[in-house]
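Peer 1: The structure follows.
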Amino acid sequence: MAITDSISVSTKGRRDVLDITPDLCAIVKKHGIGSGIVVVFVPGSTAALTTIEYEPGLKKDIDVYLDRLFPYGEPYHHHETWHDDNGSSHLQAAMLGPSITIPVVEGKLTLGTWQQVVLIDCDTRPRNRQLVVQMLV
Amino acid sequence: MAITDSISVSTKGRRDVLDITPDLCAIVKKHGIGSGIVVVFVPGSTAALTTIEYEPGLKKDIDVYLDRLFPYGEPYHHHETWHDDNGSSHLQAAMLGPSITIPVVEGKLTLGTWQQVVLIDCDTRPRNRQLVVQMLV
Amino acid sequence: MAITDSISVSTKGRRDVLDITPDLCAIVKKHGIGSGIVVVFVPGSTAALTTIEYEPGLKKDIDVYLDRLFPYGEPYHHHETWHDDNGSSHLQAAMLGPSITIPVVEGKLTLGTWQQVVLIDCDTRPRNRQLVVQMLV
């Protein structure tokens, strides 16, 4: 059986990293999920989901190293299509991926103690994002 | 309940990017999926699945930047094992990942307007790929 | 219906690559899964799951190229937070991702012939890892 919910967040863009773990835990509790999986999906092609230890130093490292792999100022072919500036954002998001799947066991997400589910918004401007949370039990 | 289908594609290799969204939408419709998830999985270790805005500029950027991260011509240890030339393909595919999971809500994949599900074939030669589409409702 | 099992492994850290496919196949068989999905998830933020052709050359390539993208010896901001040395491990694991989802069709994981499910432990020291295996049928 599938149960759908959502999480709305406002981001600053430019590899802003947001911890959505408290929202996810609240949703799992609200729907009384005992055993199953939670799929989180971000519509849009310039944001991504993964897990990290959510602490300020690592947030900066993600910013620095994603920009190093796909630098903001380079002449992406994507810019020729739309005359915009977010080619790097698209590549960063595609590499990280738009979804994450987490088991729920005995009513809890099976995350490690220092492991949080994060949205990384790679776009070059602030964005509002509505994440889809799909639970299967 | 699990329902299985598949998508067959022919690729050119060398980071050929194929939009499989129309095929996925048709499969979801064909099986009358109302609410659930779709898991797409590519058997083989030199191709991957993610989402991008499917437009010609970004397809070129994916080619350029994946090759920059894991360049074709370097002396990979993998080549010593099989005396072939696709070590870069294996690393590109492993980094992107072989599967993607997308929620289905009210009969529709929850993709953004400019977000398509793509197969990226990183192998060094043309390949035929049969993707597994597993739906859970 | 969700069925939970687990896989325990000991790793050497430093991008140690372990083939967990035999364990997964045994779990699928043990629980008599005919059709569904298997979600494997690694608790902790310095290890990741993906698929590769599991052979010694590629294991070395993964070590070399992950270290090239996020080198061990650089001054990560994460080190300022905890005065440890594994900032590179966190970035490598976040990029690869902590979970993988694989269809099961007619009692078998839909892997390619030369495709294995691997845990990559990016931490800087040996670790014991207990992976969560969540099956949905």
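Peer 1: Express the relative contact order of region B:2-136 as a whole percentage, based on alpha carbon pairs under 8 Å and six or more residues apart in sequence.
Peer 2: Answer for region B:2-136 is 54 percent.
Peer 1: At 7 angstrom along the Cα-to-beta-carbon line, where would the label on A:Asp84 sit relative to the other copies? Give the distances in nm, shortest first.
Peer 2: Copy-to-copy label distances for A:Asp84: 3.7, 3.8 nm.
Peer 1: Sum up the charges of everything whose Cβ sits under 14 Å from the Cβ of C:Leu66, counting Lys and Arg as +1 and Asp and Glu as -1, but leave C:Leu66 out.
Peer 2: So the environment of C:Leu66 carries a net charge of -2.
Peer 1: Add -39500 (n - 2.57) for each DSSP H run of 4 or more in chain C, then divide by its residues: what number comes out at 222 nm, to the nearest 500 deg cm²/dmol?
Peer 2: -8500 deg cm²/dmol
Peer 1: While we're on this one: In whole angstrom, how far apart do the alpha carbon centroids of region B:93-137 and region C:57-131 sit?
Peer 2: With region B:93-137 and region C:57-131 each reduced to a Cα centre, they are spaced 22 Å.
Peer 1: Taking the 0 to 90 degree range and rounding to the nearest ten, how far is the long axis of helix B:21-30 tilted relative to the main principal axis of chain B, both from C-alpha atoms?
Peer 2: Between helix and principal axis, roughly 30 degrees.
Peer 1: Moving on. Expressed as a fraction of 2.2 N^0.38 Å, the rule-of-thumb size for a compact globular protein of N residues, what is the C-alpha radius of gyration of region A:2-136?
Peer 2: The value comes to 1.11.
Peer 1: Take the cross-link list A:Lys12/A:Lys59; B:Lys12/B:Lys59; B:Lys59/B:Lys108 and give me the ones stretching past 18 Å between alpha-carbons. Please report the intermediate quantities before stating the final value.
Peer 2: Numbers: A:Lys12/A:Lys59 13 Å; B:Lys12/B:Lys59 13 Å; B:Lys59/B:Lys108 25 Å.
Violating the 18 Å limit, Cα to Cα: B:Lys59/B:Lys108.
Peer 1: Given H placed on each backbone N at 1.01 Å, which residues far from B:Thr110 in sequence or on other chains put an amide H within less than 5 Å of it?
Peer 2: Here the answer is B:Val105, since their amide H atoms fall under 5 Å of that of B:Thr110.
Peer 1: So, one more: Using DSSP to define loop residues, name the GluC sites (Glu not before Pro) in region C:10-109 whose beta-carbon has at most 13 other beta-carbon atoms within 10 Å.
Peer 2: Counting only loop positions with at most 13 other Cβ atoms within 10 Å, the GluC sites (Glu not before Pro) in region C:10-109 are C:Glu106.
Peer 1: Count, for each residue of A:65-73, the Cβ atoms from other chains sitting within 10 Å of its Cβ, then give me the mean as a whole number. Before the final figure, lay out each step's value.
Peer 2: Details: counts 11, 3, 0, 2, 7, 4, 1, 0, 0.
Across A:65-73, the average partner-chain Cβ count within 10 Å equals 3.
Peer 1: Taking the beta-carbon count within 10 Å as an exposure proxy, list A:His79, B:His78 from fewest neighbours to most.
Peer 2: A:His79, B:His78
Peer 1: Could you work out which residue, out of B:Lys30, B:Lys108, B:Lys12, moves most in a Gaussian network model of chain B, that is, has the largest mean-square fluctuation with Cα springs under 10 Å?
Peer 2: Taking springs between Cα atoms under 10 Å, the residue moving most is B:Lys30.
Peer 1: Let me ask something additional. Test of understanding: express the Cα radius of gyration of the protein assembly as shown as a ratio to 2.2 N^0.38 Å, with N the residue count.
Peer 2: 0.90
Read-outs: derived from the displayed coordinates by stated rules, not from any lab. If you're wondering where the values come from, they're calculated on a predicted model, not measured in any experiment. Here Cβ is always computed from backbone atoms with ideal geometry, including for glycine, and neighbour counts include all displayed protein chains.
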